[in-house]
Each structure stands twice: as structure tokens, then as C-alpha cells.
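The values are calculated or read from the model by the stated rules, or taken from the named source; none is laboratory data. None of these values were measured; they are calculated from a predicted model. Using ideal geometry, Cβ is built from the backbone for each residue, glycine included, and neighbour counts are taken over all protein chains shown. Side chains are part of the model used for accessible areas, which takes the heavy atoms of the whole protein and leaves out ligands, DNA and RNA. Shrake-Rupley method; radii C 1.70, N 1.55, O 1.52, S 1.80 Å.
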Amino acid sequence: MDINATLIGESIAFFFFVFFCMKKVWPPILHAIEARQQEIEKGLAASEQGEKDLELAREKATAQLKEAKTQAAEIIDQAKKRATQLVDEETKRGHEEREKIMAQGHTEIEAERNRAKEDLRKQVSALAVMGAEKILERQIDAAIHSDILDKLVTEL
Amino acid sequence: MSSPEELTSGAYISHHLTNWQVSIGDHWFMVLNVDTLLWSITLGIVFLASFRSVAKKSTVGVPGKFQCAVEMIVEFVNRSVKETFHGKNDLIGPLALTIFMWILLMNMMDWVPVDWIGKIAEFIGGFMGVDPSHVYMKPVPTTDLNLTFALAFGVFFLIIFYSIKIKGVGGFIKELTTQPFGHPLLYPVNFVLETVTLLARPLSLALRLFGNLYAGELIFILIAMMGLFQLPIHFMWAVFHLLVIPLQAFIFMMLTIVYLSLAHEDH
């Protein structure tokens, strides 16, 4: 345990080791540690932000869903109203159409009947004239007595 | 201990506490403790190589298990530095890490049972034609004063270097002379007091580490001579060193940081 030249050898070794550690060992390891710390910090912040965003999005989605539901209900309501309205309108129009068609039919029938009546009258008057001709046999002039005949026709 | 009958317990202990020394000159100083150099430099390279391998492929992404362990140590040292040292200095972090890891690894050699490495060395020495009783191998480098003083002087050199760099030569001398007494007549007294304080720092760093580990190793050697009873006692002493080994490494590192932060303080 006496002091000797080993002291110098160990001193040289010590300084060389410290120098090597300072140049080649310490900086890269510490750099990696610090970079990773930053990365973790960033990651944590990002995850927190993500959680917040998710919460926000969820709230937004719920609000939108609610709105959509009310809108849908409104639309359905409107559609129902419109449908009843349409049905009512159509029913009304149908009724009107029927009335119109029926009225038309009635007038046509009336007109037909009048024409038939006219025909009948004419034929009856002709028959009456023919009968009168046959009864009178002679001197009766159709042209002279036509006013009497017309009067007869209107009376029919 | 090739032939236990020939060795007394005193010889056994001194054999275990003697360094493998190689003379490189005529002067008494020109001697190298080869075992201290071998183990300390090997462990230093183990530390640097393992940490360098992590540093080379360190990723910002998910780290592997070994990277995690290394990063935990680096983070621990970095936190210790940041809590104590408030200036900006690129050296102090790596310095603290090197001191902590190197001393920790060297102290951990204490856990290797005292005869294992010695026996292997004796076997290799015998194989190479050396008398096994003359093969010395002390595998715990921190039980060698040369190593602890080398570390302490390194730190001391940095204390002086940064004191002068931050405060200037004048500021450093002023710091040594104008405290703690304000009167100019007492400046020489101040100088003596402050110089003793300054010199006590490396001395206490070196002797604390050496004393703790040397005593621990000595007890391990004593326990190794106890026969069968050594097993539980050795276990207990090793468990106790679970505390001593990292604590001494931590104290050395922490005091280095404190001394250097004091050197950076400008009054």
C-alpha cells in the first residue's frame, strides 16, 4: 500500500475514461432520454386533446341526432297533413266530377227525350193530318189549314 | 495458498494484501501495481464499452431492458448533478457518471471470494514457471491507495482548474485569503485555514474510499480463514457490502459534484 507510479497510470486512465465518457457516452444517452421525455409529454398532451375532441364530437353528434329526430318528426307530420289534404282535395274533386258528369247525363237525357217528343209530335200530327185527310177525303188543303195543325202540334 | 501448512495466518493475510508489483526503474517510485492497473482498466473498459454500446443504438422509441438500466443510471446521476450543480458545465455529468460507475464496478470486485482470482493467478503463474507463493493478485483496485489518490487528485485538479477559470487567479487567491476573517491582519491565518480545507478534500475523498474498501476486504480475508463457518458469515458480510459498495461510489460522486459546484460559485 505504498504510493508509486501506479498513481500516474491510474490518473491517465481516469482522465481518458472521463474524456471518452464525455465525448461518446454521456451526450447520446442523455439526448435519447430527453427526446423520449419530450415525446412522452407530447403523446400525453395529444391523448388528452384527443379525449377532449372525442367528448366534443360525441356531444355534437348527440345534438345533431336530436335535431335530426325533431326534423324527421316535423317532416313526417307535414307529410301526413299533406296526405290528408290531398285525399280531401281528391275526394272533393271526385265528388264534383261525379256531379258534373251526372248533370251532363241528365241534360243529355233531357235533350234526347225532348227530341223524341218532338219526333213523336211530328209523327202524331202527320198521322192526325193523314187521318183528317182520310176523314175529310176531299177539299181540305194542307197548306190552308196548316195554322190549325201547328196549333194542334204545340198542344200535343 | 498452495500449501496451507507452510503459511501462517499472518502470511496468508499479507499475501492477499500485497500487490503484484513490477519495477520499471531504479527509484522507489518507479514501481507499477500491475493487478490494480489490470483490474481497474479492465473494469473501466467494461463500463465504457457497455454504456457506449447503448449510446450507439439508443433509440428515442421504446428502449430495451439493458438500455433501460443504463438510462436509469444516467438519469440518476444527471438528477444528482442537477440538484446540486446549477451552473452550465458539460464535463461534470460525464465525470460524475464515470466516477460512480467505475468505483461501483471496482468495489464490486469485493464480492468475488478472496481466493478465487488469487488461485487462478497462482495457477497461471505456476504454469508459467513462477513460484505460486510469489504470485500476488489483489483484484479490488479501490483497496489500493494509488487508485483512490489518482481519482481524488483528478478531482482536485478539476477543482483548482474551475476555481481559476471561473474566478480568475486573483479571485481564487482572494477566496483563499479573505475568508472567514475579514481583517487584513488575519489573512495569513485565513490562508492556512482555507488551504487546509482545500487539501483536505482530495485527502478525505481518497482515504474514505480506500479505508472502507480496505477494511471490508480485510474482513473478507479474515472470514476466509475460518473454515466451514465462513460460509454464513461471508454471506452476511457480503450482504452488508450491498450497502457499502454503492454507498461509497455514491459518496465519492456526490462530493465531487459538491466540490465542483463550490468551485463554480463566484462570490
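Pairs are defined by a Cβ separation below 9 Å, a sequence spacing of at least 6 or placement on different chains, a first member in the stretch B:175-201 that is closer than 20 Å to residue B:165 by Cβ, and a second member that is in a loop (DSSP other than H, G, I, E, B) and open to solvent by less than 70 Å² (accessible area, probe 1.4 Å); the pairs so defined are B:194/B:179.
When we screen A:138, A:115 for residues that are at pLDDT below 95, in a loop (DSSP other than H, G, I, E, B) and more than 30 Å from residue B:68 (Cα to Cα), the only hit is A:138.
Scanning the stretch B:82-97 for residues that are away from chain A (no Cβ under 14 Å) and not charged (D, E, K, R) yields B:84, B:85, B:86, B:87.
Of all positions in the stretch B:182-199, at least one carries a residue that is open to solvent by less than 40 Å² (accessible area, probe 1.4 Å), among the aliphatic types (A, V, I, L, M) and within 30 Å of residue B:41 (Cβ to Cβ). Scanning the stretch B:3-18 for any residue that is modelled with pLDDT of 85 or more and exposed (fewer than 12 other Cβ atoms within 10 Å of the Cβ) turns up nothing. Per the conditions (1) of a type outside the set (Lys, Arg); (2) at pLDDT 90 or above; (3) under 20 Å from residue A:152 (Cβ atoms), the sole criterion not satisfied by residue A:90 is (3). Scan the stretch B:45-68 and give yes if some residue there is at the interface with another protein chain (Cβ under 7 Å from one of its Cβ atoms), open to solvent by less than 50 Å² (accessible area, probe 1.4 Å), in contact (Cβ under 8 Å) with a residue 60 or more places away in the chain and among the small types (Gly, Ala, Ser), otherwise no. Checked against the condition, which is being at the interface with another protein chain (Cβ under 7 Å from one of its Cβ atoms), open to solvent by less than 50 Å² (accessible area, probe 1.4 Å), in contact (Cβ under 8 Å) with a residue 60 or more places away in the chain and among the small types (Gly, Ala, Ser), the stretch B:45-68 yields no hits at all. Among the candidates B:170, B:211, the residue that is assigned to a helix (DSSP H, G or I), small (Gly, Ala, Ser) and surrounded by 13 or more Cβ atoms within 10 Å (Cβ to Cβ) is uniquely B:211.
Apart from one condition, residue B:71 fits all of (1) without any contact (Cβ under 8 Å) to a residue 40 or more places away in the chain; (2) at the interface with chain A (Cβ under 10 Å from one of its Cβ atoms); (3) not in a helix (DSSP H, G or I); the exception is (3).
Does residue B:41 satisfy being in contact with a helix residue (DSSP H, G or I) (Cβ under 8 Å, 6 or more places away or on another chain) and open to solvent by less than 30 Å² (accessible area, probe 1.4 Å)?
The answer is no for residue B:41.
Run down B:240, B:235, B:229, B:220 and say which single residue is surrounded by 18 or more Cβ atoms within 10 Å (Cβ to Cβ), farther than 20 Å from residue B:163 by Cβ and of a type outside the set (A, V, I, L, M). Among B:240, B:235, B:229, B:220, only B:220 is surrounded by 18 or more Cβ atoms within 10 Å (Cβ to Cβ), farther than 20 Å from residue B:163 by Cβ and of a type outside the set (A, V, I, L, M).
Here's the yes/no breakdown for (1) closer than 14 Å to residue B:59 by Cα; (2) within 14 Å of chain B (Cβ to nearest Cβ):
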position: A:16; (1), (2): no, yes
position: A:20; (1), (2): no, yes
position: A:27; (1), (2): yes, yes
position: A:32; (1), (2): yes, yes
position: A:47; (1), (2): no, no
position: A:54; (1), (2): no, no
position: A:65; (1), (2): no, no
position: A:69; (1), (2): no, no
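Does residue A:40 count as in contact with a helix residue (DSSP H, G or I) (Cβ under 8 Å, 6 or more places away or on another chain), within 14 Å of chain B (Cβ to nearest Cβ) and aliphatic (A, V, I, L, M)?
No.
Only one of the numbered conditions (1) open to solvent by 50 Å² or more (accessible area, probe 1.4 Å); (2) within 11 Å of chain A (Cβ to nearest Cβ); (3) in a loop (DSSP other than H, G, I, E, B) is not met by residue B:26, and that is (2). Among the residues of the stretch B:130-148, those that are in a helix (DSSP H, G or I) and either without any contact (Cβ under 8 Å) to a residue 60 or more places away in the chain or more than 10 Å from chain A (Cβ to nearest Cβ) (or both) comprise B:132, B:133, B:134, B:142. Take the residues of the stretch A:1-14 that are within 7 Å of chain B (Cβ to nearest Cβ) and not in a helix (DSSP H, G or I): which is farthest from residue B:155 (Cα to Cα)? Of everything passing the filter in the stretch A:1-14, A:1 is farthest from residue B:155 (Cα to Cα). Of all the criteria given as (1) over 21 Å from the mean Cα position of the chain (by Cα); (2) at pLDDT 90 or above, the one not satisfied by residue B:100 is (1).
Considering the conditions (1) more than 11 Å from chain A (Cβ to nearest Cβ); (2) farther than 21 Å from residue B:38 by Cβ; (3) modelled with pLDDT under 90, residue B:120 is excluded by exactly one of them, (2).
Kindly indicate whether residue B:34 is within 8 Å of chain A (Cβ to nearest Cβ) and surrounded by 15 or more Cβ atoms within 10 Å (Cβ to Cβ). So residue B:34 does not fit the description; no.
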